[in-house]
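See below for the structure under consideration.
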Amino acid sequence: MDELNTGLLISKFDNIKNIDSSVEWRRARDLQKLLWYTERRNFFLVIEKAKESCKTSWSVIKDHFVDVNKPIIGGKWSIQLVEDFMLSRFACYLIAQNWDPRKQEIAFAQAYFATQTRKQEILEKYMVEHQRLLSRQKLKNTEAEFQKLAYERWVNWDWISRIRSKWDTVLFGGKTTQDMKKSYWIKSWPLADYLPEVTIKAKDLATEVTNYNMKNKNLKWEDTITHEHIKNNQWVREYLIQSWIKPEELPPSEDIKKIERRHKKDEKIISKRWLN
């Protein structure tokens, strides 16, 4: 398949794409034309095969094949409703896989939808990791503000280290920072670099509340601020427990520094032009 034909086919497949609420879909009848199915009956037989493939892949058929009616103009300009489907990208991929790849358009469709699906998987993973990076940086900023506010209220670095261990012990149900590091097999890196995002946000929320109260209630001295911060961590833990989340039982996430290094490389690949 030459470059010109490939570019033309990509344009055609992109042009029938619809996006609603960030969900990509295509109409079956539009796809039928691109795959050169002249008989609707034959094409709908392929759709049924694709549904079976969807079922065997443990996917929910109705999430990928949605029955709809499409209005068309009939004789004497009458409007008729004909059977049609809204197809997810995965459904389109399954349809292409269930037909003869010797035909140029079918072979291209198989490659096209497989590539688009893989791109989406990579993008979704990237976005999840990126959100965790943002949450980790937010926690760093919140803790830096905590230290600044504490210094302004006549506390010292030794106290900061002691209270950090105390609030971890409260948040993790009696397990100290070192206990959690041992369970996560962490030697020297900060515990927060390996925490799942929900725990990072929990720590950030408790610290934000403490910072807010230090400023607005003018809290001073070690004992007062210690009591405040432990209380806030206990409150956050209780909320997590009510949601059936025990921070100390959650598995560790990938080292945040590895993700940072990987994303610096990925930024060259994931660009606006590549995603379109």
message = With the structure loaded, tell me whether Ala91 is outside the structural domain of Trp235 (by TED's automatic domain parsing), at pLDDT 70 or above and of a type outside the set (Lys, Arg) or whether it fails that test.
response = yes
Out of Ala111, Ala206, sole residue that is modelled with pLDDT of 85 or more, small (Gly, Ala, Ser) and surrounded by 13 or more Cβ atoms within 10 Å (Cβ to Cβ) = Ala206
query = When the residues of segment 169-203 are filtered to those that are crowded, with 18+ Cβ neighbours inside 10 Å and of a type in the set (Gly, Ala, Ser), which remaining residue is nearest to Gln137 (Cα to Cα)?
reply = Ala192
inquiry  = Within segment 180-209, take every residue that is without any contact (Cβ under 8 Å) to a residue 40 or more places away in the chain and part of a helix (DSSP H, G or I) and give me the one that is nearest to Asn232 (Cα to Cα).
reply    = Ala206
request  = Kindly indicate the residue of segment 210-245 that is β-branched (Val, Ile, Thr) and not in a loop (DSSP other than H, G, I, E, B) and also nearest to Thr176 (Cα to Cα) among those meeting that condition.
outcome  = Ile230
ask   = Can Asn218 be described as buried (at least 17 other Cβ atoms within 10 Å of the Cβ) and either among the polar types (S, T, N, Q) or without any contact (Cβ under 8 Å) to a residue 12 or more places away in the chain (or both)?
value = no
request  = Being surrounded by 15 or more Cβ atoms within 10 Å (Cβ to Cβ) and modelled with pLDDT under 80 is the filter; apply it to segment 45-58 and report the residue that is nearest to the chain's Cα centre (by Cα).
outcome  = Cys54
remark   = Given the conditions (1) over 18 Å from Lys148 (Cα atoms); (2) in a loop (DSSP other than H, G, I, E, B); (3) over 19 Å from the mean Cα position of the chain (by Cα), every one holds for Glu248 apart from (2)
note = Restricted to segment 116-151 and to residues being of a type in the set (Lys, Arg) and at pLDDT 75 or above, the residue surrounded by the most Cβ atoms within 10 Å (Cβ to Cβ) is Arg136
task = Show the residue pairs that are 6+ apart or on different chains and have beta-carbon atoms under 9 Å apart, the first residue being within segment 14-29 and in the same structural domain as His64 (by TED's automatic domain parsing) and surrounded by fewer than 16 Cβ atoms within 10 Å (Cβ to Cβ), the second being among the polar types (S, T, N, Q) and at pLDDT below 70.
result = Asp14/Asn276; Glu24/Gln116; Glu24/Gln120
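The values are calculated or read from the model by the stated rules, or taken from the named source; none is laboratory data. No experiment lies behind these values; they were computed from the predicted model shown. For neighbour counting, all protein chains shown are included, and Cβ atoms are generated from backbone atoms with ideal geometry for every residue, glycine included.
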